[in-house]
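Structure record follows, encoded as structure tokens.
The values are calculated or read from the model by the stated rules, or taken from the named source; none is laboratory data. Here the structure is a predicted model, which is why all the values come from computation and not from measurement. Note that each Cβ is placed from the backbone with ideal geometry, even for glycine, and that neighbours are counted across all protein chains shown. Surface accessibility is based on the protein's heavy atoms, side chains included, excluding ligands, DNA and RNA. Shrake-Rupley method; radii C 1.70, N 1.55, O 1.52, S 1.80 Å.
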Amino acid sequence: MIFANLRRVTGALLLGLAIVTASVVPSMAATVVTVNGTPITDVQIDQRLRLFQMEGNRTGRNGATDQLITEAIQMSEAKRLGISVSNAQVDEAFLQIARNLKLSQDRLAEMLRQGGINSETLKDRLRAAIAWNSVAERAVMPNVQISDLDLDQKAAGRISDFQNFDYILKEIIFVAPGGQGASGRTAQANKYRSSFAGCDSAVPLSLAYTDAAVIDVGRRHATQLPEAVAKELAGMNVGGITKPRVVESGVSMLAICEKAQAQDLTFVKDEVRAEVGNDTMQKQVDDYLATLRKSAKIIYN
């Protein structure tokens, strides 16, 4: 759920994820900064800078250095919590990026090499992203609380007048698999509709047509229906029937057997809960990281 940023990472070549570099560094590399005892070298910064350039990130060497510092802090916290990331997890994330780009792993690695980037630089970045995601799930998510009152208020603000109804519905289907012959079936459906005299007449009337079925949909609140359908039903009374619509199984109409004013926030609240939860989670994760950064031991050489 939590880190959409980790999921989104697989949608672009070289995303802007927050991660740490733990790759083997040549012996000639010079340490530029140490974070909680972890050295960050000029080679690592150069590699991250090349990655930035390939991404179009224009924050330069300072941005590359700052990102590596942040990632070192994140990895330090993951270690403190006993969180580790396996090579298999990293390889799977690397593979997912290649798949999303419709490339092989080898081709992705070659593209990086052409930019002067060791593929381990990206893999180290992925390792830290996965680790930080686990930190957030363990240390932050359990503390995320969402007020029911806040949810109700936000959900109510999304409900329109046409969505304040509860229905008992029947669906009349004129079968046309895959939409074949839909125009002819629509003409029959319109003829049926012109003769429709309420739900009690639904089945008897359908018997005059070949491959016409009446289905008891049961109780549905307007928020459970497509917006266009909910708007049409809102303007109709009991006994009304919607215009024919082509669906996968044929041509469909909905008939209103019962209708009542009823505000139901259940389905809207589920959507709001996910959005609010993600926003609240992200804010608390950002605050958590800011606190870690303030207490980190950062030494520039």
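Please identify the pairs in which a residue from region 182-194 that is within 15 Å of Thr242 (Cβ to Cβ) has its Cβ atom under 9 Å from the Cβ atom of a residue that is aliphatic (A, V, I, L, M) and part of a helix (DSSP H, G or I), counting only partners at least 6 apart or on another chain.
Tyr192/Leu205
Here's a check for you: in region 110-163, which residue that is polar (S, T, N, Q), modelled with pLDDT under 75 and not in a loop (DSSP other than H, G, I, E, B) is least open to solvent (accessible area, probe 1.4 Å)?
Asn143
Looking at region 74-100 only, could you name the residues that are among the aliphatic types (A, V, I, L, M), touching a helix residue (DSSP H, G or I) at 6+ places or on another chain (Cβ under 8 Å) and more than 19 Å from Gln47 (Cβ to Cβ)?
Step one: of region 74-100, the residues among the aliphatic types (A, V, I, L, M) are 75, 78, 81, 83, 85, 88, 90, 93, 95, 97-98.
If we keep only those that are touching a helix residue (DSSP H, G or I) at 6+ places or on another chain (Cβ under 8 Å) as well, we get 75, 78, 81, 83, 85, 90, 93, 95, 97-98.
Selection gives Ala78, Leu81, Ile83, Val85, Leu95, Ala98.
Restricting to region 48-64, and then to whatever is in contact with a helix residue (DSSP H, G or I) (Cβ under 6 Å, 6 or more places away or on another chain) and within 24 Å of Lys297 (Cβ to Cβ), can you tell me which residue is surrounded by the most Cβ atoms within 10 Å (Cβ to Cβ)?
Per the stated criteria, the residue is Arg48.
So, of the residues in region 73-95 that are farther than 18 Å from Asn118 by Cβ and of a type in the set (A, V, I, L, M), which turns out to be surrounded by the fewest Cβ atoms within 10 Å (Cβ to Cβ)?
Of region 73-95, the ones farther than 18 Å from Asn118 by Cβ are 73-86, 88-89, 92.
Retained after the next criterion (residues that are of a type in the set (A, V, I, L, M)): 73, 75, 78, 81, 83, 85, 88.
Details: Ile73: 23, Met75: 25, Ala78: 23, Leu81: 13, Ile83: 18, Val85: 20, Ala88: 8.
Out of the qualifying residues, it is Ala88.
Restricting attention to region 185-222, report how many residues are part of a helix (DSSP H, G or I), farther than 13 Å from Cys257 by Cα and open to solvent by less than 30 Å² (accessible area, probe 1.4 Å).
So the answer is 5.
Yes/no per residue for (1) at negative phi; (2) modelled with pLDDT of 95 or more; (3) of a type in the set (S, T, N, Q):
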{"position": "Ala22", "(1), (2), (3)": "yes, no, no"}
{"position": "Ser27", "(1), (2), (3)": "yes, no, yes"}
{"position": "Thr31", "(1), (2), (3)": "yes, yes, yes"}
{"position": "Thr34", "(1), (2), (3)": "yes, yes, yes"}
{"position": "Ile40", "(1), (2), (3)": "yes, yes, no"}
{"position": "Met54", "(1), (2), (3)": "yes, no, no"}
{"position": "Asn57", "(1), (2), (3)": "yes, no, yes"}
{"position": "Leu68", "(1), (2), (3)": "yes, yes, no"}
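Being within 25 Å of the chain's Cα centre (by Cα) and charged (D, E, K, R) is the filter; apply it to region 62-101 and report the residue that is nearest to Ser134 (Cα to Cα).
Ranking the qualifying residues of region 62-101, first place goes to Glu71.
Between Asp287, Asp270, which is at pLDDT below 90 and under 27 Å from Pro142 (Cβ atoms)?
Asp270
Give me a count of the residues in region 200-225 that are touching a residue at least 40 places away in the same chain (Cβ under 8 Å) and β-branched (Val, Ile, Thr).
Count: 4.
Output the number of the condition that Val85 fails; it satisfies all remaining conditions of (1) within 26 Å of Tyr300 (Cα to Cα); (2) assigned to a loop (DSSP other than H, G, I, E, B); (3) not hydroxyl-bearing (Ser, Thr, Tyr).
(1)
Among the numbered criteria (1) modelled with pLDDT of 90 or more; (2) crowded, with 16+ Cβ neighbours inside 10 Å; (3) of a type outside the set (Lys, Arg); (4) farther than 23 Å from Leu68 by Cα, which single criterion is violated by Gly235?
So the condition that Gly235 fails would be (2).
Residues to consider are Asn100, Asn5; find the one that is open to solvent by 40 Å² or more (accessible area, probe 1.4 Å), within 26 Å of Ala296 (Cα to Cα) and modelled with pLDDT under 95. I'd like the intermediate steps shown before the answer.
Numbers: Asn100 fails: within 26 Å of Ala296 (Cα to Cα).
Sole residue among the options that is open to solvent by 40 Å² or more (accessible area, probe 1.4 Å), within 26 Å of Ala296 (Cα to Cα) and modelled with pLDDT under 95: Asn5.
Where residues in region 238-265 are more than 24 Å from Ser206 (Cα to Cα) and not hydrophobic (A, V, I, L, M, F, W, C), which of them is modelled with the highest pLDDT? It would help to see each step written out before you state the result.
Residues of region 238-265 that are more than 24 Å from Ser206 (Cα to Cα), as a first pass: 260-265.
Now narrow it down to the ones that are not hydrophobic (A, V, I, L, M, F, W, C): 261, 263-264.
Values: Gln261: 81, Gln263: 67, Asp264: 67.
Among residues in region 238-265 that are more than 24 Å from Ser206 (Cα to Cα) and not hydrophobic (A, V, I, L, M, F, W, C), the one modelled with the highest pLDDT is Gln261.
Restricting to region 58-79, give me the number of residues that are charged (D, E, K, R) and closer than 16 Å to Tyr288 by Cβ. Before the answer, list the steps.
Going through region 58-79, the residues charged (D, E, K, R) turn out to be 58, 61, 66, 71, 77, 79.
After this cut, where a residue has to be closer than 16 Å to Tyr288 by Cβ as well, the list is 71, 77, 79.
Of the residues in region 58-79, 3 are charged (D, E, K, R) and closer than 16 Å to Tyr288 by Cβ.
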